[in-house]
Every structure is written in C-alpha cells, then in structure tokens.
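To start, the structure under review is shown below, and the notes come after it.
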Amino acid sequence: MIQITLPDGSTREFSGPVSVADVAASIGAGLAKAALGGRVDAKVVDTSFQITTSCAVSIVTAKDPEGLELIRHSTAHLLAYAVKELFPDAQVTIGPVIENGFFYDFSYKRPFTPDDLIAIEKKMTQLATLDEPVVRRVLPRDEAVAYFKNLGEHYKAEIIEAIPVDQDVSLYREGKFEDLCRGPHVPSTGKLKHFKLMKLAGAYWRGDHKNEMLQRVYGTAWATKDELQQHLTMLEEAEKRDHRKLGRELDFFHIDEHAPGLVFWHPKGWTLWQGVEQYMRQVYRENGYLEVKGPQIIDKSLWEKTGHWDKYRENMFITESEKREYALKPMNCPGHILIFKQGIKSYRDLPLRYGEFGNCHRNEPSGGLHGIMRVRGFTQDDGHIFCTEDQILAECSSYTSLLQKVYADFGFKKIIYKIATRPEKRIGSDESWDKAEHALMESLRASGCDFEITPGEGAFYGPKIEYTLKDAIGRQWQCGTIQVDFFMTERLDAEYVGEDGARHRPVMLHRAIVGSLERFIGILIEESAGALPAWLAPVQVVVLNITDAQVEYARSVAKTLQNQGLRVDLDLRNEKITYKIREHSMQKLPYLLVVGDKEMAAGAVSVRARGGQDLGAMSLDAFVQKIVGDVANKSLV
C-alpha cells in the first residue's frame, strides 16, 4: 500500500502507483479541476507524476506561488508554439520565467514587428482554447540531440549537447510543438488564459556579443483576469511616473551621449539633490556620524589587498600615471579603513561611525544603464561603523530605527526586511557568524519588524539586512542595507587597543540608508509622480501677478517668502493669468500665489495648492506660517 499524507495531516491509501491528478481527484472534483501540479515531499511535479512510495503530497493550484510559476513557464512554451505556427522557419532557444512574467528568445531571418506581436498573442489565445494536453517524455541525450537537429532546431541541439552523455533529458509536447524542458508544466494549455505579450528586444545568444543577436519576446501571465489587469494598470501608471520622462519635463537632469551613464544635473534637479543630501547630512550630525571624504583615485595595490582587484576588476575604471595603475573607486569602504588606521584607536573610541557622500564609479554594461536609476557614476550616503562584536546588536538596532524615520520622512512607510545569512563558502568562525546573525535578527525584533531569511545569500565575509521599499503603486526598491564584515579590517590590518591592553580587530558594519543618491532621487520622482512634497520641491512657491499694476506687490511677496528661506519663482510676464496658472501647474509646484488688486489692497494672496485645489485668499502672514510649517514638519501633502 502507498500512504499519502496530506497538508492537514490526514492520509489516503492506494493499492498501487498513483498520479498527483488521482490524489487530487480523491480529495474532490473541484480540486482536481483546479490542480496545476503537485508537491511530492516538497518537490514540485506535474499532475501526471507517478507516486510509487509513501510520501507527503499537496496539490498546487493557481493560488500558490508555485502555481503562478507553472502558469508563466507554460505560457512561455505557448508563446514558442505560436511563433512556430506563424513563422515555421524561426528557431527557438530559451524561455525562462522572470519577475511578473517570462520571455523567449528566437532566431529569425527578419526582426519581429509590433504587428507580429499582436498576431502571436492572438495565435496563443487560439492554441490555449484547444485545451491540448501537455505531455512529458524522456529521451537519452544523444537521441534528443538527433531529434532536434532533424527538426532544424540547432540551438536546442546545442543546449542538449552541453548535457553529460549519460544523462536523459525531458521534453514536453503540446499539440504539434515539442520543447526541451525539465518542467514541470500545467496539465493542458486550457489552463493558460490570462496573458499578454509586452515588448520586443534584442539579446545575444548565451549573452555573448560575439554570437548572433536573437529576438526576445517578453510577456506577462497571471492566475486571474483581475490580476492581469491590475498589473497592466500598474505598468501604465509606472510609465506616467517614469523618472526619465519627468526629469525632462520638469527640467531636472539629462543624460548625454558624451558621458554615457553619467548625469548632468540642471538647476532644479541639483536643488532637489541638495535637499536630499543636506537632509542626510543632518541625519549624520544628529546620530553620531563623523563625516569624512576619501580620494577618487586609489592605487591598485589597495584593491588587491581587499580582493576587489581579482573579483571586481572588470567593473572598475582604470587609469595610469608615472607607471602606476590606479582605479576610480567603486566603493568607499577601503578608504574609510585607511582613515580609521590613522592614529591609535582605543576600545573607548568605539563605536566609531564614519559617513561619506562618496562619489563612486562602476563600469556597468551599456545595456544595463537606466536613466539615473543605474549609472556609471553615483554618490552613496555611505557609512561605516567600527565596533566590537558585543556592540553589533545595539548598532544594528539603532540603525534600523534611524532608517525607518528617514524613509518615513521621504514618504515610505512600507518596508520589507530580509536577512541574508552565511553562504557555504565563507571566512570567519561559526561562533562569529552565530553572533552576527543573531544580532541582526534581534535588532529587527527589537524594532518590531517582521523579516524573512534568505539562506546563503550573505557575503563571504558576513551576513546583512536588506531593506526594501514598497512604493505607491506596489513596486519594490531595495535601498538600505547593513552588513557585518569580519574580513576587510583584517586584510587592511586595522586594529584597536582593547580594555585588556591587547590589539584587536574591529568589526566593520557597512551601511547605507538611501544608497545611491541618483537612484533614490529617481525613486522619489516616480513615487511622487514628480509632485514632490514642499520640503523637497526645487521651487516651492511661484508668485503670479494679474496685471502690471501688481508687479511691485508681487515682488515684495516673493521677497518676504525668500527671507523665510523658501525657494520662490516670480512670473511677471504680460500673459493671461489662466495661461500662467496652467503652465506652472504643469510643473507640479506645491503652491501658486495669485495677486490682483484685491489681494494687493488687503495685503493678501490667493492660494492655489497643487492639483488645482483653490485655498482662497489668506493673509501673507498666514500663508508664510502654513508653508514654513509644511517644510519644517516635512509634510507629504
């Protein structure tokens, strides 16, 4: 007898081998219909999988994360099926699941067009309605190579040839299309109902620019129609919020072909930058950080000692002078250790917190550059805390609380916390790793934070906490981090004198709150859709006159506001007031002040808040009090 244990602890007994589909049917017809796959002793398998020994089984449906992955994986195959139906000469290569969807790469004699994309999606829908079973079979490796070569699928044959000779390979067929895949898949194409093809792109075969440029088709797939629509709506909203588009429209910055991956900040954008930097500088001052500044170019010998030269050389910009090789720094950590080493440090000096707005350069591939979100030159709010092992918990706990306050001031209150623990290959004793991981976990518990563990994702020299923001439309941005490092201070021979009079290695905590200022400003722009809160807005108020009779009064209003430290524009153009209001509203300014004869006579201003909200007339003193309060309180409205 085969005994199947179900998630609720109940059991089913079968006299012989049984499929996952049969187990689902034994539980109920509704579950059998909804089944997309199964977990057999935690391994996800097809519904056709044959169970031959007693085990734990659960049924995977569209409500499960694994079910959604099955849908996306199978929809990638459906895409390839449709392409082969419409373009028989196309060769299929690979089609993995990615975040929110999938892609498939094809080799074809001409570029696909947007019209082709529409036709492919239509064909996918037609094929899905046929509800053809998805059937798995296994072939010896060499037989599979011959099979795909006979089909003219040379890319598939090449993939299989890289598999060891003694291994079998699995294939999945739906209708006339068969593809190499380890699976699992949904039981039939009729399970694939809610998908959309998104875009076309180019991709080199095996990611090597020396190989053929393939055509990549991206798609998204979801369990329900509502989820698909929500995702498409989010993408539409994200397009409206695109920081590159808003950066041009609001005259914040531009990227120029003469300096790819580097940012040209315009006056308004640089004002925004300074708002973020000066705020963070105040955070440093109020939380015991000593601001430092390291050089941009450092001899390669330092990078060799830290290990960066061997592990990171291809991402570093290199220069030479007087027969010495230097690198533009890709990070600030080694420089901070060199500062720490100047003079003798005592245990009484610890924890010692350094902070730097450090300019870093990394030679990112051109295809990965994205506005100001991913650049080659960036500035980090980089901090390093030198402490003892006994101080790790307190420092991590206070850091999390500080980070939460900073994010809240910028309007982010939804934070996802993850702890990346020790990898298989690591340095340091298990005792040190135990203490570091425990400190990170306890620091989050002390801050009342739920967190998840990502096993083995820590660096080889220490674990870390990753802090991920969730924005207004549900996107996630990993920004902050704190990382425990037992390694670099040893490599660079940093020491402090302990209470026992002996020399000890300090622990180094790497931390950044906003991370790259460029990227964080891009996130702020997209989070606010360009409508930045008054305390950050490059222009906080614009004063508009109705006729020339109010020119001098408008100037005096602007001057009064400027004397309060506010950023003010003055528009005295001989244009209709409706035109001026409309034009400045497009710039998403927090406040527009209109002054006509009535306002001038009363010493007042007519106030329009962003979004067309008419606050009516109020005294100039009352408005000053309001906006100064907004700025001081970092109001997000």
Flag for G498 being closer than 16 Å to T388 by Cβ, surrounded by fewer than 19 Cβ atoms within 10 Å (Cβ to Cβ) and touching a residue at least 40 places away in the same chain (Cβ under 8 Å)
yes
Matching residues in the range 337-392 (part of a helix (DSSP H, G or I) and either charged (D, E, K, R) or touching a strand residue (DSSP E or B) at 6+ places or on another chain (Cβ under 7 Å) (or both)) number 9
If you go through the range 188-200 one residue at a time, do you hit one that is free of Cβ contacts under 8 Å to residues at least 60 places away in the same chain and in contact with a His (Cβ under 7 Å, 6 or more places away or on another chain)?
no
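Take the residues in the range 305-315 that are farther than 11 Å from P334 by Cα and of a type outside the set (K, R); name whichever of them is surrounded by the fewest Cβ atoms within 10 Å (Cβ to Cβ).
Restricting attention to the range 305-315, the residues satisfying the condition of being farther than 11 Å from P334 by Cα are 309-315.
Pick out the ones that are also of a type outside the set (K, R) and you get 309-310, 312, 314-315.
Values: W309: 17, D310: 9, Y312: 16, E314: 7, N315: 15.
Only one residue fits best here, namely E314.
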Checking the structure you have, find out if any residue of the range 373-388 is surrounded by fewer than 17 Cβ atoms within 10 Å (Cβ to Cβ) and farther than 30 Å from N315 by Cα.
no
Subset of the range 120-141, residues out of contact with any His (no Cβ under 7 Å at 6 or more places or on another chain) and surrounded by 15 or more Cβ atoms within 10 Å (Cβ to Cβ), comes to I120, E121, K123, M124, L127, A128, E132, V135, R136, L139, R141
Against the condition among the acidic types (D, E), surrounded by fewer than 20 Cβ atoms within 10 Å (Cβ to Cβ) and modelled with pLDDT of 95 or more, how does D208 come out, does it pass?
no
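Applying the selection to the range 396-426, what residues are among the hydrophobic types (A, V, I, L, M, F, W, C) and in a loop (DSSP other than H, G, I, E, B)?
Correct list: F410, F412.
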In the range 446-464, what residues are within 11 Å of C396 (Cβ to Cβ) and either part of a loop (DSSP other than H, G, I, E, B) or modelled with pLDDT of 90 or more (or both)?
S447, P463, K464
Against the condition surrounded by 16 or more Cβ atoms within 10 Å (Cβ to Cβ), out of contact with any His (no Cβ under 9 Å at 6 or more places or on another chain) and small (G, A, S), how does A144 come out, does it pass?
yes
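Tell me whether the range 187-198 contains one or more residues that are in contact with a helix residue (DSSP H, G or I) (Cβ under 6 Å, 6 or more places away or on another chain) and more than 29 Å from T61 (Cβ to Cβ).
Looking only at the range 187-198, we keep the residues that are in contact with a helix residue (DSSP H, G or I) (Cβ under 6 Å, 6 or more places away or on another chain), and these are 189, 192, 194-195, 197.
Subsequent filtering for residues that are more than 29 Å from T61 (Cβ to Cβ) retains none.
The answer is no; no qualifying residue exists.
In the range 523-530, is there at least one residue being part of a loop (DSSP other than H, G, I, E, B) and of a type in the set (A, V, I, L, M)? Lay out the reasoning, then the answer.
Step one: filter the range 523-530 for residues part of a loop (DSSP other than H, G, I, E, B), giving 529-530.
Add one more test, that the residue is of a type in the set (A, V, I, L, M), and what stays is 529.
Yes, that holds for at least one residue.
Sort through E291, E286, E277 and tell me the only one that's of a type in the set (D, E), under 27 Å from I521 (Cβ atoms) and within 25 Å of the chain's Cα centre (by Cα). Walk me through it before giving the result.
Numbers: E291 fails: within 25 Å of the chain's Cα centre (by Cα); E286 fails: within 25 Å of the chain's Cα centre (by Cα).
Of E291, E286, E277, the one residue that is of a type in the set (D, E), under 27 Å from I521 (Cβ atoms) and within 25 Å of the chain's Cα centre (by Cα) is E277.
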Do any residues in the range 306-334 that are in contact (Cβ under 8 Å) with a residue 24 or more places away in the chain and more than 21 Å from R491 (Cα to Cα) have Cβ atoms under 7 Å from those of residues that are among the hydroxyl-bearing types (S, T, Y) and not in a strand (DSSP E or B), where the two are at least six apart or on different chains, and which pairs are they?
none
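Which of the residues that make up the range 163-186 are closer than 12 Å to A144 by Cβ, touching an Asp or Glu at 6+ places or on another chain (Cβ under 8 Å) and assigned to a loop (DSSP other than H, G, I, E, B)? Please lay out each step first, then the result.
Just the residues of the range 163-186 that are closer than 12 Å to A144 by Cβ, to begin with: 163, 165, 167-171, 178-181.
Keeping just the survivors that are touching an Asp or Glu at 6+ places or on another chain (Cβ under 8 Å) gives 165, 171.
Of everything in the range 163-186, just one residue is closer than 12 Å to A144 by Cβ, touching an Asp or Glu at 6+ places or on another chain (Cβ under 8 Å) and assigned to a loop (DSSP other than H, G, I, E, B), namely V165.
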For the range 1-79, which fully contained strands (runs of 3 or more DSSP E) count at least 1 residues that are surrounded by 21 or more Cβ atoms within 10 Å (Cβ to Cβ) and among the hydrophobic types (A, V, I, L, M, F, W, C)?
2-5, 55-60
Taking the options F87, F102, name whichever one is modelled with pLDDT of 95 or more, buried (at least 19 other Cβ atoms within 10 Å of the Cβ) and either closer than 28 Å to L235 by Cβ or not charged (D, E, K, R) (or both).
F102
Could you check, for the range 276-296, whether at least one of its residues is surrounded by 18 or more Cβ atoms within 10 Å (Cβ to Cβ) and more than 30 Å from P351 (Cβ to Cβ)?
no
Which ones in the range 410-427 are at pLDDT 90 or above and aliphatic (A, V, I, L, M)?
I415, I416, I419, A420
Given the residues E178, E227, E174, which is the only one that is of a type in the set (D, E), farther than 18 Å from M124 by Cα and either crowded, with 18+ Cβ neighbours inside 10 Å or within 24 Å of the chain's Cα centre (by Cα) (or both)?
E227
Given the conditions (1) out of contact with any Asp or Glu (no Cβ under 7 Å at 6 or more places or on another chain); (2) part of a loop (DSSP other than H, G, I, E, B), report the number of the one that A534 does not fulfil.
(1)
G367 within 20 Å of the chain's Cα centre (by Cα) and surrounded by fewer than 17 Cβ atoms within 10 Å (Cβ to Cβ)
yes
Does at least one position in the range 590-600 carry a residue that is of a type outside the set (F, W, Y) and exposed (fewer than 11 other Cβ atoms within 10 Å of the Cβ)?
no
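Just give me the residues in the range 43-77 being more than 29 Å from the chain's Cα centre (by Cα) and among the small types (G, A, S), in sequence order. Walk me through how you get there before you give the answer.
Here is the first cut: in the range 43-77, the ones more than 29 Å from the chain's Cα centre (by Cα) are 45-59.
Residues satisfying the conditions are S48, S54, A56, S58.
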Could you tell me which of the residues G152, G183 is of a type outside the set (K, R), exposed (fewer than 14 other Cβ atoms within 10 Å of the Cβ) and touching a strand residue (DSSP E or B) at 6+ places or on another chain (Cβ under 9 Å)?
G152
Give all pairs with beta carbons closer than 9 Å in which a residue from the range 276-291 that is over 19 Å from W535 (Cβ atoms) meets a residue that is of a type in the set (D, E) and part of a strand (DSSP E or B); count only pairs at least 6 apart in sequence or on separate chains.
E291/E356
If I filter the range 212-232 down to residues being touching a His at 6+ places or on another chain (Cβ under 8 Å) and not basic (K, R), which single residue comes out as nearest to Y108 (Cα to Cα)?
T220
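The values are calculated or read from the model by the stated rules, or taken from the named source; none is laboratory data. Computed from a prediction, not measured in an experiment: that's the story for all the values here. Using ideal geometry, Cβ is built from the backbone for each residue, glycine included, and neighbour counts are taken over all protein chains shown.
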